[in-house]
1. If I model a spin label as a point 7 Å beyond the Cα along the Cα-Cβ vector, how far apart are those points for residue 51 and residue 231 in nm?
2. Mind giving me the nanometre distance, one decimal, between the label points for residue 32 and residue 318, set 7 Å out from Cα along Cα→Cβ?
3. Which whole-number percent is the relative contact order of the stretch 122-249 (Cα, under 8 Å, 6+ apart)?
4. Based on other C-beta atoms within 10 Å, arrange 318, 33 from fewest to most.
5. So what is the relative contact order of the stretch 261-331, in percent, for Cα pairs below 8 Å that sit 6 or more residues apart?
6. Extension gain residue 264-residue 179, at 0.36 nm per residue separation less the Cα-Cα distance, in nm?
7. How far apart, in nanometres, would the label points at residue 332 and residue 275 be if each is projected 7 angstrom from Cα along the Cα-to-Cβ direction?
8. Roughly speaking, what is the stretch gain from residue 224 to residue 122, that is 0.36 nm per residue apart minus the C-alpha to C-alpha distance, in nm to one decimal?
């Protein structure tokens, strides 16, 4: 691991590795420690990120095709202007004119596209099937992304306007609180505003579910003054069809099991345990006798494998556990 020799030294090598997506876990930890050590470090990081955004436009400039651009520009020149015979020096000037036209067209097109799509400074991160990822924002906020999740935000100016969008999936947020700069998450028509907290946010087919772990969260609909305030262990929902918001105390002890790899049951039916195991590990459980689904389990599992959990269930409830081609069969 390359150490940062001086506290004010900018770790350019780590920043470039992160932007190119090839930074190691150790390097990422070192970079995050440097960013958290001093607010000036965060500003330096943001400035370098902005420069990187401009570099993308420069790349487009370098790949410009002057001949192709000239072909598009040429028809707009009056016919009489094209009949002039050029001396060698003037031909050279024409070449440079073509190049200038190409540069202007490419950069103008890139800027127009960026302006319409929000591409400049925009970051969009997605996880695939069975893939989880930790995302650290410029302000130090941590987003733990579950599988099949997409998060987007604008890197440029993020420290001034901390806005994130959860497009799909599920994520656990550990937000760095800043009273001067509110943290807001857009989920379709819903806004989830942090008031200094950590919470789990999940986009389901028919609703959006928020479960608060610590602090407070407010929910508000777009173009509406209605707001719901959630406290620790509150569960807020937004119905996508009726556009209604509601909240209640959270009874799901395992709402963030995918994140902390912890399962906690208090007289829970095995049918519920089966659903959790499928979501956490992709485990498929077959009950040889359907009445076994109603058997209840009280247990606590932390950082256990699916085999360890299934064997423990068998021992606790005196059931036979058989594994066949990756599927578990429970029987008396």
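1. That separation, rounded to one decimal, is 4.9 nm.
2. The two pseudo-label positions are separated by 4.7 nm.
3. Values: 322 pairs, mean separation 19.8, N = 128.
Averaging sequence separation for qualifying contacts and normalising by length gives 15 percent for the stretch 122-249.
4. Working: 318 8, 33 12.
Least to most surrounded, the residues fall as 318, 33.
5. Reported relative contact order: 38 percent.
6. Working: separation 85, 0.36 × 85 = 30.60 nm, distance 3.47 nm.
Here the segment from residue 264 to residue 179 would lengthen by 27.1 nm.
7. For residue 332 paired with residue 275, the spin-label model returns 2.6 nm.
8. Details: separation 102, 0.36 × 102 = 36.72 nm, distance 2.70 nm.
This chain segment gains 34.0 nm when fully extended.
A short reminder: the numbers here are calculations on the coordinates, not readings from a lab. Quantities reported herein were computed from a predicted structural model and do not represent experimental measurements. FYI the Cβ positions are ideal-geometry reconstructions off the backbone, even for glycines, and counts take in every protein chain you see.
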